[in-house]
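Have a look at the structure below before the remarks.
Taken together, the values in this text are just the output of simple stated rules run on the coordinates, not laboratory data. The model shown is predicted, which means the values in this text are computed figures rather than measured ones. Here Cβ is always computed from backbone atoms with ideal geometry, including for glycine, and neighbour counts include all displayed protein chains.
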Amino acid sequence: MAKEAASSDQGVVIGEEINQHVRLLTLNRPKQLNCISSETVSLLAEFLEKWERDDNVRLIVIKGMGRAFSAGGDLRMFYNGGSGDSCLDVVYRMYWLCYHLHTYKKTRVALVHGIAMGGGAAISVPSEISVVTEKTIFAVPEASVGLHTDCSFSYILSRLPGHLGEFLALTGATLNGKEMIDVGLATHFVPSEKLPELEKRLLDSDTGDKDVIRTLVDDYSSNVRPDEESVLNKLETINKCFSASSVEEIIISLKAEAVLEGNEWMGHFLKGLKRASPTGLKITLRSIREGRQQTLPECLKKEFRLSMNILRSLISSDVFEGIRALSIDKDNAPKWNPKTLDEVTCENLDLVFQAFTDELELKLPYEAESCRWEEKYENTVYSLKQV
């Protein structure tokens with residue numbers, strides 16, 4: 001068994017050649033809950049491209065070191081970058097990588113034990129086989145800190161049952177492993193005590209045949225249903241509220257429903273919406289709604305524009321204030337600007353959604369297989385501008 005590469009035993013991503021046909025990718029920032037850094041994105045892309053091009057490779061297993069699969073993007077990286085294009089490199093590379101994660105040609109099994117949030121979950125959800133446990137926690141909390149639901153989730157969430165996608169994106173609500181199985185964000189539930197043995201069986205295999213691998217994972221998996229108190233058992237109410245046409249109307253609907261007997265659970269989410277960035281909420285709702293009518297490449301290009309315009313503080317600096325309050329000073333008292341939903345105008349929203357000129361758009365190699373791993377950051381006008 002050989003460790004490949006650009007990563008040492010202490011690298012943020014460890015790539016291992018287990019045998020002739022099997023490779024293991026390990027996200028290796030356990031103290032940071034495997035948050036995604038610029039180096040993480042670059043190494044993931046490097047390994048995945050190399051292994052997809054290698055005819056000997058048939059199966060790739062992906063896992064996280066420690067108690068998290070990945071808690072998402074490294075917020076401090078964005079905060080330290082400040083307004084402007086200092087994080088352009090990693091943002092571009094992450095969206096480019098998301099396309100390849102959704103369209104990868106080799107069989108992948110993601111072992112999602114512990115936290116899987118935002119960009120971290122974007123690594124696991126597109127896998128043909130995604131294994132979760134009783135300790136898995138999924139969430140997309142970006143809107144609450146002034147970001148938006150990113151890394152392909154305007155595509156993924158907009159295709160969940162009813163208006164569950166809007167609910168998850170706007171409230172940052174968590175789902176456990178059972179709930180992820182129920183809505184299709186994972187394929188298999190395996191009790192955590194069985195996970196080491198399953199991993200060993202996968203690494204000892206010599207095939208990438210999806211049916212064979214599914215059967216192998218089936219041997220360790222359990223049939224599960226959401227618990228009685230799960231929000232998924234309240235989907236009728238969620239659909240009623242989160243089908244409203246604006247964030248303001250969603251909140252009005254939630255308030256009306258929350259006073260009814262049996263709806264006490266809604267109070268928590270109402271409080272969360274009131275604490276969240278008004279700008280982040282409005283951008284996120286529009287992005288999810290647009291996502292229903294968009295292809296994966298269209299969603300990724302849109303999300304790239306949103307991310308860059310938000311980091312450039314085009315209409316608000318809420319993302320930096322949100323990160324400050326959550327991760328830097330940890331006072332949990334952000335001062336949003338604009339302060340209210342009413343102050344976030346349609347005209348300003350149009351600005352952050354406006355298409356870039358063609359040369360500045362995210363480039364995705366989806367038109368021909370021959371250029372599948374082209375359109376990298378280094379080959380764009382952005383790279384030239386950074387010189």
Within 10 Å, count the other beta carbons around each residue, average over each peptide in 219-232, 295-308, and list them highest first. 295-308, 219-232
Structure-based [θ]222 nm, the chain - -39500 (n - 2.57) summed over DSSP H runs of at least 4, per residue, nearest 500: -12000 deg cm²/dmol
Between segment 64-139 and segment 26-46, what's the alpha-carbon centroid distance in Å? 9
Over 29 Å apart: what share of the alpha carbon pairs of the chain falls there, rounded to a whole percent? 42
What base-10 log of the normalised intensity I(q)/I(0) is obtained for segment 117-250 from the Debye formula, alpha carbons as equal point scatterers, at q = 0.17, 0.18, 0.19 Å⁻¹? -0.93, -1.02, -1.10
Trp265 paired with Glu248, simple spin-label distance in nm, labels 7 Å along Cα-to-beta-carbon: 3.0
If packing is taken as the average number of other Cβ atoms within 10 Å across a peptide's residues, how do 194-201, 162-169, 150-157 rank, most packed first? 150-157, 162-169, 194-201
